[in-house]
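Written below as structure tokens is the structure these notes are about.
The values are calculated or read from the model by the stated rules, or taken from the named source; none is laboratory data. No experiment lies behind these values; they were computed from the predicted model shown. Cβ sites come from the backbone with ideal geometry, for glycine too, and all protein chains shown count toward neighbours.
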Amino acid sequence: SDLSMIKDWQLSYKVLPFGAFEIADSYRFEQSGEVELCFRLRRFFMPDLHIFTRNIVEAKDWFMKVHRKIMEEASKIGRTYELLVNVVNPMEYSSNRELILSLARDIGKPVLVCIYPATGLNYYWTVNVEYMIIDFFNRPREIATVQIDVGNAERFGIKYMGEDGLEHYPIILHTAIIGGIERYIYMLFDTALRMKKPTLPLWVSPVQVRVIPVDQRNINYAFKVCEYLEGQGFRVDVDDTNRSMSRKIVDAEKEWIPYIAVVGDMEEAEGKVNVRRRVQGDQRVYSLEELVSELNSACSGYPRRPRYFPNTVSKRPGFIVY
């Protein structure tokens, strides 16, 4: 944990606020009947960010910045969140009422507030916001979260030297801006279910472009197109099977491939590709440079990863459903 590491650091008010990020390998002993694919798991990976601030005023300021980033990430895939605001007791609700109102004003709709009773229990947090989608089956599903932690700095012995020359405990924000990786994937698939043609965002699609030769004589050009696009950082493959072109297109559609590039004699002669775009539902001819420009624009700001399987469909394992 980064909290265990930071306790050994010599911190000054001059370096605060700062963040510590890790992808936490996390475990929960869920009961077998409660486990759900992508959503409720015994092992999952959490992109966990801790922001260390000097005081509660600074913490609330960063809380709103994190909140807006969480909402922004959801909006990139066409989603919004419903907010459940948990408050540890009535006194903390009074102290954080303006923060809660700011959240509601920012999203332009009501938020659900849960105020815990004043039981005397010592919670390490004061305010915890759960960001939920309403999924395809009309169920609330928590994805992202952010909370104000007023207790763990003391628990872990994390201190900073203040401007007054005295030691202080920082206020810590805990946040998972996109939630666990698996829950983010859940949200991607839930979003796809609502589309006329289900599609994953281009940057995360396992195959971004499939090249389909019209005839066997176009296969060499198909591989040249594949090699060129791969050289530009995209995941591309070639359907080199003996199936008909129409069957190859149907197969690519079943795999939700965003760009299907058909190459025949005309495309080969002109150095172009005839592309079916899944999201837009259209078909147009591109030069390779034009296609790369569009792909780069769609993937801008997102990570690039190579293809991890053969670049020919014929070398893929087949699956038979009985």
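Here 85, 15 are screened, and the one residue that is within 30 Å of residue 194 (Cβ to Cβ), β-branched (Val, Ile, Thr) and over 18 Å from the mean Cα position of the chain (by Cα) is 85. In summary, residue 186 fulfils each of the numbered conditions (1) in contact with a Lys or Arg (Cβ under 6 Å, 6 or more places away or on another chain); (2) buried (at least 17 other Cβ atoms within 10 Å of the Cβ) with the single exception of condition (1).
May I ask you to list the residues in segment 96-134 that are charged (D, E, K, R) and not in a strand (DSSP E or B)? I'd like the intermediate steps shown before the answer.
Let us first name the residues in segment 96-134 that are charged (D, E, K, R), namely 97-98, 105-106, 109, 130.
Once the filter is applied, which keeps residues that are charged (D, E, K, R) and not in a strand (DSSP E or B), segment 96-134 yields 97, 98, 105, 106, 109.
To keep it simple, each residue is scored yes or no on (1) assigned by TED's automatic domain parsing to the domain that holds residue 299; (2) without any contact (Cβ under 8 Å) to a residue 40 or more places away in the chain; (3) β-branched (Val, Ile, Thr); (4) part of a helix (DSSP H, G or I).
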| site | (1), (2), (3), (4) |
| --- | --- |
| 30 | no, yes, no, no |
| 49 | no, no, no, no |
| 59 | no, no, no, yes |
| 64 | no, no, no, yes |
| 68 | no, yes, no, yes |
| 74 | no, no, no, yes |
| 78 | no, no, no, no |
| 85 | no, no, yes, no |
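A count restricted to segment 145-194 and to residues that are of a type in the set (A, V, I, L, M, F, W, C), out of contact with any helix residue (DSSP H, G or I) (no Cβ under 6 Å at 6 or more places or on another chain) and part of a helix (DSSP H, G or I) stands at 8.
On the basis of being closer than 30 Å to residue 143 by Cβ and either without any contact (Cβ under 8 Å) to a residue 12 or more places away in the chain or surrounded by 14 or more Cβ atoms within 10 Å (Cβ to Cβ) (or both), does residue 244 make the cut?
Working: closer than 30 Å to residue 143 by Cβ: no; either without any contact (Cβ under 8 Å) to a residue 12 or more places away in the chain or surrounded by 14 or more Cβ atoms within 10 Å (Cβ to Cβ) (or both): yes.
Considered against the rule, which asks whether it is closer than 30 Å to residue 143 by Cβ and either without any contact (Cβ under 8 Å) to a residue 12 or more places away in the chain or surrounded by 14 or more Cβ atoms within 10 Å (Cβ to Cβ) (or both), residue 244 comes out as no.
All of (1) modelled with pLDDT under 95; (2) surrounded by fewer than 13 Cβ atoms within 10 Å (Cβ to Cβ) hold for residue 57 with one exception: (1). Only one of 173, 99, 103 is of a type in the set (A, V, I, L, M, F, W, C), in contact (Cβ under 8 Å) with a residue 60 or more places away in the chain and crowded, with 16+ Cβ neighbours inside 10 Å. Can you tell me which? One residue alone meets the criteria, 173. The set of residues from segment 206-218 being surrounded by fewer than 14 Cβ atoms within 10 Å (Cβ to Cβ) and part of a helix (DSSP H, G or I) comprises 216, 217. From the set of residues in segment 225-273 that are within 30 Å of the chain's Cα centre (by Cα) and basic (Lys, Arg), which is nearest to residue 299 (Cα to Cα)? In this case the residue turns out to be 235.
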